[in-house]
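Peer 1: Before we start, here is the structure in question, set down as structure tokens.
Readers should treat all values here as calculations from the given coordinates under stated rules, not as data from a laboratory. These figures come from a predicted structure and were not determined experimentally. A quick note on method: Cβ atoms are made from the backbone with ideal geometry, for glycine too, and the neighbour counts reach across all protein chains shown.
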Amino acid sequence: MGAQRFEKSTWSLEALLPAHEGAELEERRTELEKQVSALEDARDRLSPEMSSEAFLELMGLAESIRTIGARLTGYARLWFAEDTQSQEALVFLGRMEQLATEVQNRLLFFELWWKGLDEDAAQRLLAESGDYAYYLKTLRRFKPYTLSESEEKIINLKDVNG
């Protein structure tokens, strides 16, 4: 029995993003910014009495934002994992992680609002939340350990910068 031979192979990241620069990347970043701004604009409409339909609309927007962000950071992490010596991949990874942290900090108010809701309002919205229920329940479990918005933002920045 001889030694096994392994061939070097590489994966394609095109399903996440066709390239790390160019029109497609800018389109994703523009769409991300548009959606983040839309959720920020909804801040004044957050209330314990809001309809479940309005709440689910905001949850859908938050999910879309997370999906775009995950694709961008996922691409960056996999590209860097492919070649950890690539300075270009490392710089891109840093840019995408910084972008993700900025988005997270801009939308932190939404998670904090959810965690701060009284139990009756939270249960009413949770009963209508469908696929979002597990995520929402998980957020509420961390309520006792949640800091103020400014403190949470500092922690998020520290996590990226070390």
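Peer 1: Please get the size of the charge dipole for the range 70-133, origin at its Cα centre, with Cβ charges of +1 on Lys and Arg and -1 on Asp and Glu, quoted in debye to the nearest 20.
Peer 2: That gives the range 70-133 a dipole magnitude of about 180 debye.
Peer 1: Would you mind calculating the gained length between Trp113 and Lys158 on full extension (0.36 nm times residue separation, minus the Cα-Cα distance), in nm to one decimal?
Peer 2: Full extension of this stretch gives 14.0 nm more.
Peer 1: With axes computed from alpha carbons, what is the tilt in degrees of helix 23-41 against the longest principal axis of the chain, rounded to the nearest 10 within 0 to 90?
Peer 2: Between helix and principal axis, roughly 20 degrees.
Peer 1: Which order, highest average first, do 70-80, 136-146, 30-40 follow once you tally other Cβ atoms within 10 Å for each residue and take the mean per peptide?
Peer 2: Taking the mean over residues of other Cβ atoms within 10 Å, the ranking is 70-80, 30-40, 136-146.
Peer 1: May I pose another question? Applying a 10 Å radius around every beta-carbon, put 43-56, 96-109 in order of their mean neighbour count, most first.
Peer 2: 96-109, 43-56
Peer 1: Further question: Give me the angle, in degrees from 0 to 90, between the Cα long axis of helix 52-82 and the longest principal axis of the Cα atoms of the chain, rounded to the nearest 10.
Peer 2: 20
Peer 1: Further question: Could you name the aspartates and glutamates in cross-link range of Lys137, using Cα to Cα under 15 Å and dropping any fewer than eight places away on the same chain?
Peer 2: In chain and number order, the partners are Glu111, Asp118, Glu119, Asp120, Glu128.
Peer 1: Looking at (1) 13.7; (2) 9.7; (3) 8.5, which value of mean projected area of the Cα convex hull in nm² comes from a calculation on the structure shown?
Peer 2: The value matching this structure is (1).
Peer 1: Now a separate question. Could you compute the net charge surrounding Gln123? Neighbours are other residues with a C-beta less than 11 Å from the C-beta of Gln123; K and R count +1, D and E count -1.
Peer 2: -1
Peer 1: For Tyr135 and Glu21, calculate 0.36 nm times their separation in residues minus their Cα-Cα distance, and state this gained length in nm to one decimal.
Peer 2: Using 0.36 nm per residue and subtracting the Cα-Cα distance, I get 37.8 nm.
Peer 1: May I ask for the distance between the Cα centers of the range 101-162 and the range 23-57, given as a whole number of Å?
Peer 2: Using only Cα atoms, the two centres lie 15 Å from each other.
Peer 1: Under 14 Å from the Cβ of Ala89, count the other residues' Cβ atoms, weight Lys and Arg +1, Asp and Glu -1, and hand me the total.
Peer 2: So the environment of Ala89 carries a net charge of -3.
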